[in-house]
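Contents: one structure, followed by commentary.
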Amino acid sequence: MARAAVLHAVGDAELDLRDDVRTVDPGPDQVKVKIKATGVCHSDLSTLTGVLPSMPPTVVGHEGAGIVAEVGERVTNVAVGDHVVVNWTPDCGTCPECLRGEPFLCMTYVVQSFSVHNFTLADGSPAYGMAGTGTWADEVVLPGRGVIKIAEDVPFEYAALLGCGIPTGVGAAINTAKVHPGATVAVVGAGGVGLSVIQGARIAGASTILAIDPNEAKHPLAKQFGATHTATLDDLEEVKGLLTAGAGFDYAFEVVGKSAAITTAWNSVRRGGDVIVVGAGAADDDFEMSAFSLLFEGKNIKSSLYGGCDMKRDVPRFVDLWRAGRLELDGMISRRIRFEDLNDAVEALKGGDVIRQVVLFD
C-alpha cells in the first residue's frame, strides 16, 4: 500500500490524502521508485484548478526523487537501489521530436498517461498519475526512460528540485535563450521558477538581471539568487530607462503563465531582443499583438518547455553546478513538510509566499 494525494475532480477544495493506494506492477520497460522527496510546484496547483489537463482520479505531483525498488527486464539505464530524479517528460527516442534532438517536446509517454493508469484505489478502480508520474505518493511506477540516475550523496530534497523547477528555469536561460555573457535580462515573476531563471542568467554571465514582481516581499530573495535590480510593474519603465537608457533588455522571460505577463516581457525587451515564455498559461488566455510590431520591432518570441532540457544531459550538469557552488538549491526550499501537510502546502502555494515546499517521505 502507498500513501498518495488523490484529486477526484478538478476544483475539489482538498486533496484526498490516502494510505490505501497501490501501484500497478511494473512492466518490462518500467521501474518502481520509492519517492523520498517531492516538490510542491505551481504546475501542481494548475492541475488542481484545471489549467493543466489531467485524468481524474489523479495522483498529483511531478517533481520528485527517490530510490529504484523494482526494475523491468528490459530496463538497462538503472538498477535496484539507484538514486534517481523523476523526468516527467521522458523521451521515447524514436519520435520525430526525439530524432530532431528535442526530447522535451516528446509526447509519447504524456499521451499514454491519459489512458494508461499507474495506480489503483482500494476498490480496485484505476487512478492516473499527473503527467504520467504522481510523485505526491511514496511509490510510483514510471517508464524506465523516466528516471535519471544521480550520485547517492545528493540529498533527495535537492534532487527533487532537479525534476522540474531547476531545469525549467535554469534551462530556459541556458538552453532556450542561450543568454550570453554581459547580457541584460529581465525576468517577469519571481516565484520558484522565476528565481531559477535568475540563477540561470547569473550562471550564464548576464551583467544586469532585473526581477519584476508586484510583490516587493520577493525582491530581496530575487537579489539573493542573482538579480542585480528589482522593480514592480509601477516603476518598471523608470527602472528600464535607468538600466538600458530606455532601449530595453536583451532578453525578457515570462514566468507567470499569464498573457498580461507576456505583454510585460514584450515591452521590456529591446528591438531585436528575445522574449522567452516559461509560464504555463491557460488555454483560453490569449496573447495578442500587432503584426506591424512583430515584424518591424524585430523581436523574437520563443516558448521554453521544460527549459529545453535533455534531462539525461542536463541533470548531471546541474549537479556539477551545485557541487561547484554556482547553483543554489538549499535556499530554494522554503519549507520541508510531511505528506499530511499537503493540503496546507497547496494553500500556501496559492498565497504566493513560498518558493518551494518539499515533502519528505520516511
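Only the coordinates and a few stated rules stand behind these numbers; no lab work does. A quick note: this is a predicted structure, and the numbers were derived from the prediction, not measured. Every residue, glycine among them, receives a Cβ derived from its backbone with ideal geometry; neighbour counts consider all protein chains shown.
When each of Asp44, Asp320 is scored by the number of other beta-carbon atoms lying within 10 Å, the sequence from fewest to most is Asp320, Asp44. Take Thr76, project a point 7 Å from its Cα along the Cβ direction, then tell me which residues of the stretch 89-113 have their backbone nitrogen under 12 Å from it. Answer for this model: none. For Val31, the shell of other residues with beta-carbons less than 13 Å away shows a net charge of -1, using +1 for Lys and Arg and -1 for Asp and Glu. Given a cut-off of 21 Å, what percent of all Cα-Cα pairs of the stretch 167-306 lie beyond it? For the stretch 167-306, the share of Cα pairs beyond 21 Å comes to 32 percent. Putting +1 on Lys and Arg Cβ atoms and -1 on Asp and Glu Cβ atoms, find which of His229, Ser207, Gly169 reaches farthest to the positive end of the dipole of the stretch 167-306. Toward the positive end, the furthest listed residue is Ser207.
The shape of the stretch 37-167 comes out rounded: with a ≥ b ≥ c from the C-alpha gyration tensor, a/c is under 1.5. The residues neighbouring Asp82, those whose beta-carbon lies less than 10 Å from its own, together hold a net charge of 0 under the Lys/Arg +1, Asp/Glu -1 convention. Neighbours of Gly124 by Cβ distance under 15 Å: Lys/Arg scored +1, Asp/Glu scored -1, total -1. The length gained by stretching the chain between Thr263 and Ser303 to full extension, at 0.36 nm per residue less their Cα-Cα distance, is 13.0 nm. When the pairs Lys312/Lys350; Lys149/Lys178; Lys302/Lys350; Lys258/Lys302 are compared against a 20 Å limit on Cα-Cα distance, Lys312/Lys350; Lys149/Lys178; Lys302/Lys350 fall above it. Among Ala291, Ala190, Ala280, the residue with the largest mean-square fluctuation in a Gaussian network model of the chain, with springs joining Cα atoms closer than 10 Å, is Ala291.
Would you mind calculating the relative contact order of the chain from Cα pairs under 8 angstrom and at least 6 residues apart, reporting the percent as a whole number? Mind showing how you got there, number by number?
Values: 866 pairs, mean separation 62.5, N = 362.
That works out to 17 percent.
With the contact rule set at Cα under 8 Å and sequence spacing of 6 or more, what percent relative contact order holds for the stretch 231-288? That works out to 34 percent.
For Glu102, no residue 5 or more places off, or on another chain, has a built amide H under 5 Å of its own. Going 7 Å from the Cα of Arg323 along its beta-carbon direction, which residues of the stretch 161-177 have the amide nitrogen within less than 20 Å of the resulting point? So the set is 161-163, 166-167, 171. Which residues does the label zone of Glu238 cover in the stretch 257-299, counting backbone N under 20 Å from a point 7 Å along Cα→Cβ? Counting backbone N atoms under 20 Å from the label point, the list is 264-265, 267-269.
A Gaussian network model of the chain, with springs between Cα atoms under 10 Å, assigns the largest mean-square fluctuation among Val197, Val24, Val315 to Val24. When the Gaussian network model of the chain links Cα atoms closer than 10 Å, the mean-square fluctuations of Ser293, Ser259, Ser268 top out at Ser293.
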